[in-house]
1. Among the residues of segment 104-120, write down those that are within 11 Å of the chain's Cα centre (by Cα) and not in a loop (DSSP other than H, G, I, E, B).
2. Please return the ranges of helices (runs of 4 or more DSSP H) entirely within segment 151-239 where 1 or more residues are over 21 Å from V89 (Cβ atoms).
3. Of (1) assigned to a loop (DSSP other than H, G, I, E, B); (2) under 14 Å from V210 (Cβ atoms); (3) free of Cβ contacts under 8 Å to residues at least 60 places away in the same chain, V125 satisfies all except one. Which?
4. Among the candidates S45, S38, S33, S88, which residue alone is of a type in the set (S, T, Y), closer than 19 Å to R226 by Cα and under 15 Å from the mean Cα position of the chain (by Cα)?
5. Among (1) in contact with a helix residue (DSSP H, G or I) (Cβ under 6 Å, 6 or more places away or on another chain); (2) within 25 Å of L35 (Cα to Cα); (3) at pLDDT 95 or above, where does M200 come up short?
6. Among (1) at pLDDT below 95; (2) surrounded by 17 or more Cβ atoms within 10 Å (Cβ to Cβ); (3) hydrophobic (A, V, I, L, M, F, W, C), there is one condition V105 misses while meeting the rest; what is its number?
7. Of the residues V125, V165, only one is surrounded by fewer than 17 Cβ atoms within 10 Å (Cβ to Cβ), at pLDDT 95 or above and among the aliphatic types (A, V, I, L, M); which?
8. Return the pair list, or none, for Cβ contacts closer than 7 Å from residues in segment 177-201 that are of a type outside the set (S, T, N, Q) to residues that are crowded, with 16+ Cβ neighbours inside 10 Å and assigned to a loop (DSSP other than H, G, I, E, B), at least 6 apart or on different chains.
Amino acid sequence: MTRRVIALIAAAGSGTRLGAELPKAYVELADRSLLERSVQAMINSAVVDEVVVLINPVMRAHAERALARQVKEIPLRFVAGGGERADSVWAGLQAIEHEDAVVLVHDAARALTPPGMISRVVRKVLDGAPAVIPVLPVADTIKEVAAGDTSRVRSTPDRSLLRAVQTPQGFDLATLRRANEAYFAAKSREFVATDDASLMEWFGCPVVTVTGDAMAFKITTPIDLRLAQAVVSEAEPTVFEVPNERTDSAQGGHR
């Protein structure tokens with residue numbers, strides 16, 4: 001039996017760093033909201049069966065308007081998110097009725113993510129990996145600073161071993177559910193999950209990587225939005241195109 005692939009799109013955040021009047025998921029980029037672009041990328045990947053959008057309930061009407069066209073293309077529903085990103089994802093996981101499925105967790109702010117990258121993540125999970133993240137090599141030298149004095153450099157990690165992590169991150173649904181149950185049941189919160197892969201690491205689950213894509217950058221600040229505007233002004237990215245299988249394979253796609 002073919003496993004169902006369900007995408008959770010995190011769109012409940014306020015996005016105050018972007019400086020926009022609306023939460024960043026509803027900010028438009030060339031007449032399409034970031035949320036619409038992220039959902040459309042899932043549809044055009046041709047590997048996603050259902051989309052669950054995690055929203056702030058007060059933005060329900062905005063979300064429905066933003067996705068009026070996508071609702072006709074794929075099973076799509078809205079789930080109320082929580083105060084933190086982890087709370088929103090957990091709410092989304094609890095709303096999924098299937099037991100044996102692949103789940104993708106994606107940030108709406110990564111609105112230019114190519115469909116081919118989504119396919120790579122899904123294929124790796126279907127190949128048996130319980131947790132998969134798209135990554136890129138780190139270009140900058142990274143410094144670790146002292147905990148008590150962030151003006152003082154503590155060490156310089158080996159850049160060749162560092163990777164910048166993107167979304168969507170892909171998981172075996174049952175394993176991610178168990179990890180979340182353990183995380184939210186833990187009495188001590190000394191560990192705070194910054195993404196779903198780090199939660200899986202904390203749970204003791206192996207995490208593997210696939211090749212990411214520079215277009216999957218996160219639109220968080222005004223300069224990020226300017227960059228995205230410059231990109232779409234030159235040529236509409238592949239978010240609204242069906243992925244080219246030969247190109248996907250050449251980039252390291254797993255089948």
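1. L104, V105, H106, D107, I118
2. The helices (runs of 4 or more DSSP H) meeting that bar are 222-234.
3. Going through (1) assigned to a loop (DSSP other than H, G, I, E, B); (2) under 14 Å from V210 (Cβ atoms); (3) free of Cβ contacts under 8 Å to residues at least 60 places away in the same chain one by one, V125 breaks only (1).
4. S38
5. The one condition M200 does not meet is (2).
6. Only one criterion in (1) at pLDDT below 95; (2) surrounded by 17 or more Cβ atoms within 10 Å (Cβ to Cβ); (3) hydrophobic (A, V, I, L, M, F, W, C) is unmet by V105, namely (1).
7. V165
8. So the pair list comes out as A179/C205; Y183/A193; A197/V207; L199/A193; M200/V207; E201/V207.
The values are calculated or read from the model by the stated rules, or taken from the named source; none is laboratory data. Please read all numbers here as calculations on a predicted model, not as lab measurements. A quick note on method: Cβ atoms are made from the backbone with ideal geometry, for glycine too, and the neighbour counts reach across all protein chains shown.
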